[in-house]
Structures are given as structure tokens and as C-alpha cells.
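Here's the structure we're looking at; comments come further down.
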Amino acid sequence: MKPTTLYIITGSSKGIGKALVEMLSQDKKNQIIGISRSEMKMDSPNFHPIVLDLGNLEVLGDRWDEFFPAGTFEKIILINNAGWIGQVDHFGKLDPKNILDIFNINTLAPALLMNEFVKRYGGSKEAERIVVNISSGAAKKPVDGWSGYCASKAALNMLTEIAQKEALIQSSGILFFALSPGVVDTKMQEDIRSAPLEGFTSLPKFQGLKANKELSTPKQTAEKIMFLIENPSKFGEVLQDVRDF
């Protein structure tokens with residue numbers, strides 16, 4: 001069976017991204033390109049892994065043909081899932097490189113990928129095209145110790161809203177969503193729980209979420225992301241939260 005749907009997923013080797021790949025690879029109609037910093041081994045002919053650190057922006061332009069293949073597809077989906085909490089601490093204690101890296105990974109890499117996606121597939125109006133940027137509820141509220149994470153996700157939200165406005169102006173037909181995934185049991189949550197209390201006053205709350213088994217599984221969250229992708233007409237706003245559906 002020739003693939004009829006193309007998925008490009010970043011952060012595909014762990015957490016939500018891995019759950020998405022495992023789910024989608026079961027259907028032979030899906031061609032999946034997974035971009036991640038660590039290698040994901042999967043014996044599936046329709047999965048193409050690409051090992052790449054998205055924080056290294058200089059190399060992205062050399063890989064566009066690999067990320068965004070030509071072909072005839074009924075659906076083309078970009079899921080900017082890769083994200084990083086960064087150094088959890090207060091201003092004055094942050095490593096300057098950390099400040100740069102978190103914006104590279106959470107904001108600038110998705111922006112570059114969105115730009116190339118529109119460039120390559122903007123005219124493919126016979127195909128349904130959707131971009132889902134994985135955002136965070138932290139984009140809408142200040143959390144001490146999370147300056148880079150909150151700000152980088154807030155910027156991602158605005159980029160997504162502008163991209164959707166431009167798609168309407170240009171009548172490209174591309175749909176853009178920024179989706180908050182809720183609190184998910186991933187490596188990021190482990191990093192958050194290991195933060196210093198003096199640099200993150202919400203630490204007890206996040207430790208309690210794990211202790212009380214209030215975290216969603218990556219698989220549960222992946223299922224909700226797919227519900228959005230498969231039912232975009234049910235979602236009229238760019239900014240979405242899985243806890244609302």
C-alpha cells in the first residue's frame with residue numbers, strides 16, 4: 001500500500017512523540033518522518049528516523065529535503081512536539097547558553113520548520129495540511145524558575161496564531177494549532193521534579209502530581225492529539241488545550 005498521509009514529528013524518540021510514532025506506524029497508509037536528538041529504533045518500513053539536535057539551527061537547512069519529501073499525499077501533517085524545560089531556576093542563576101538553547105529548541109526550530117512547511121506544501125491544495133505545535137499552559141502564566149520555558153512557549157503560540165492568520169489571507173488552506181498537552185508523565189516532568197526548591201516554588205505541587213498519579217500518559221495525550229488532527233472542523237480556535245476535550 002502506497003502511503004497517503006505524511007507525518008513529520010519532532011521529538012519522536014521519547015514521551016508523546018514516541019507514543020505518536022508507535023500509534024501511527026501501525027497503519028501502512030502513514031509515512032512517518034521522526035526527528036529527534038536520540039535514535040529511535042523501530043522495525044517499521046513506514047518510519048524514517050532522523051537523528052538531529054534541533055537546538056543546532058545551522059544544520060537544519062541542509063536537511064529540508066529529508067524532512068519534507070516531495071510526493072502526492074492526501075494529508076500532510078507537521079507536529080512540532082520537541083520541547084525542553086531548560087534550566088529551572090531564577091534569573092541571576094541561569095547559564096547564558098541555556099537561555100539561548102531553550103528559545104532555539106522551543107521557538108526558533110518550530111518557526112523554521114513551519115516556514116519550510118508552508119514554502120514546500122503551501123500550494124498543495126489538493127492535500128489536507130495541518131501544523132500542530134505542542135505548546136504549554138505555562139505560555140499563559142508566569143511560573144518562577146520557568147522564564148525561558150514560559151516565554152518560549154508564549155512566543156510559539158503567537159507564531160502559530162500569525163501563521164493561521166496568514167493562511168487565511170493567502171487562502172492556502174493550511175490549518176495551524178498550538179496545543180497544550182496537559183501534565184504528562186515524561187522525562188520533562190522528571191527534570192521539573194529534580195529542580196531546586198529555592199529556584200522553583202511550585203516544586204511541591206509537581207512532586208504531588210506524580211505521587212498522586214495525576215499525570216497523563218504519553219499514549220493518552222497522543223490519542224488526543226490525533227483526535228484534533230482527525231477532527232479539525234471541531235476546533236475553531238488556534239490555541240487549544242487537551243484538557244478541554
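The values are calculated or read from the model by the stated rules, or taken from the named source; none is laboratory data. If you're wondering where the values come from, they're calculated on a predicted model, not measured in any experiment. Cβ coordinates were reconstructed from backbone atoms using ideal geometry, including for glycine residues, and neighbour counts include every protein chain displayed. Areas reflect the complete protein model, heavy atoms only, side chains present, ligands, DNA and RNA absent. Shrake-Rupley method; radii C 1.70, N 1.55, O 1.52, S 1.80 Å.
Please enumerate the residues belonging to segment 56-68 that are open to solvent by less than 20 Å² (accessible area, probe 1.4 Å) and either at pLDDT below 95 or in contact with a Leu (Cβ under 8 Å, 6 or more places away or on another chain) (or both).
Residues of segment 56-68 open to solvent by less than 20 Å² (accessible area, probe 1.4 Å): 60, 67-68.
Across segment 56-68, the qualifying residues are L60, F67.
Is one or more of the residues making up segment 231-243 within 27 Å of Y7 (Cα to Cα), of a type in the set (D, E), under 14 Å from the mean Cα position of the chain (by Cα) and modelled with pLDDT of 95 or more? Working first, answer last.
Filtering segment 231-243 down to residues within 27 Å of Y7 (Cα to Cα) leaves 231-243.
Then keep just the ones that are of a type in the set (D, E); that gives 237, 241.
Still in the list and also under 14 Å from the mean Cα position of the chain (by Cα): 241.
From what is left, the residues that are modelled with pLDDT of 95 or more are 241.
The answer is yes; a qualifying residue exists.
Could you tell me which numbered condition L24 fails, if it satisfies all but one of (1) modelled with pLDDT of 95 or more; (2) farther than 23 Å from Q220 by Cβ?
Every condition holds for L24 apart from (2).
Within the set of pairs 6 or more residues apart or between chains, which connect a residue that is under 18 Å from G137 (Cβ atoms) inside segment 178-204 to a residue that is charged (D, E, K, R) with Cβ atoms less than 6 Å apart?
S180/D241; G182/R243; T201/D144
Does T72 count as open to solvent by 60 Å² or more (accessible area, probe 1.4 Å) and either over 18 Å from L113 (Cα atoms) or out of contact with any Leu (no Cβ under 8 Å at 6 or more places or on another chain) (or both)? Explain how you work it out, then say what you get.
Numbers: open to solvent by 60 Å² or more (accessible area, probe 1.4 Å): yes; either over 18 Å from L113 (Cα atoms) or out of contact with any Leu (no Cβ under 8 Å at 6 or more places or on another chain) (or both): yes.
Yes; evaluated as a whole, the condition is true for this residue.
Inside segment 131-190, can you point out the residues that are among the β-branched types (V, I, T) and either touching a Phe, Trp or Tyr at 6+ places or on another chain (Cβ under 7 Å) or surrounded by fewer than 18 Cβ atoms within 10 Å (Cβ to Cβ) (or both)?
The initial filter retains those residues of segment 131-190 that are among the β-branched types (V, I, T), namely 131-132, 134, 143, 160, 162, 169, 174, 183-184, 186.
V131, V132, V143, T160, I162, I169 - these are the residues of segment 131-190 that are among the β-branched types (V, I, T) and either touching a Phe, Trp or Tyr at 6+ places or on another chain (Cβ under 7 Å) or surrounded by fewer than 18 Cβ atoms within 10 Å (Cβ to Cβ) (or both).
Please state which one of T221, T217 is of a type outside the set (F, W, Y), touching a Pro at 6+ places or on another chain (Cβ under 9 Å) and touching a residue at least 24 places away in the same chain (Cβ under 8 Å). Can you show your working first?
Details: T217 fails: touching a Pro at 6+ places or on another chain (Cβ under 9 Å).
Matching residue, one of T221, T217: T221.
I'd like the full set of residues that are of a type in the set (S, T, N, Q) and surrounded by fewer than 11 Cβ atoms within 10 Å (Cβ to Cβ), limited to segment 195-237.
First, pick out the residues of segment 195-237 that are of a type in the set (S, T, N, Q): 201-202, 207, 212, 216-217, 220-221, 231, 233.
N212, N231, S233 - these are the residues of segment 195-237 that are of a type in the set (S, T, N, Q) and surrounded by fewer than 11 Cβ atoms within 10 Å (Cβ to Cβ).
Suppose the filter is crowded, with 23+ Cβ neighbours inside 10 Å, at pLDDT 95 or above and touching a His at 6+ places or on another chain (Cβ under 9 Å); does G34 pass it?
On the way: crowded, with 23+ Cβ neighbours inside 10 Å: yes; at pLDDT 95 or above: yes; touching a His at 6+ places or on another chain (Cβ under 9 Å): yes.
Yes.
Just for strands (runs of 3 or more DSSP E) wholly inside segment 46-147: which have at least 2 residues that are within 30 Å of S172 (Cα to Cα) and acidic (D, E)? Show your work before the answer.
Numbers: elements: 47-51, 75-80, 128-134.
Hits in segment 46-147: none.
Tell me which residues, restricted to segment 132-145, are under 24 Å from A195 (Cα atoms) and under 18 Å from the mean Cα position of the chain (by Cα). Spell out the reasoning first.
In the first step, residues of segment 132-145 are kept if they are under 24 Å from A195 (Cα atoms); the result is 134-145.
Correct list: I134, S135, S136, G137, A138, A139, K140.
Filtering segment 1-22 down to residues that are part of a strand (DSSP E or B) and aliphatic (A, V, I, L, M), which residue is surrounded by the fewest Cβ atoms within 10 Å (Cβ to Cβ)?
Among those that are part of a strand (DSSP E or B) and aliphatic (A, V, I, L, M), it is L6.
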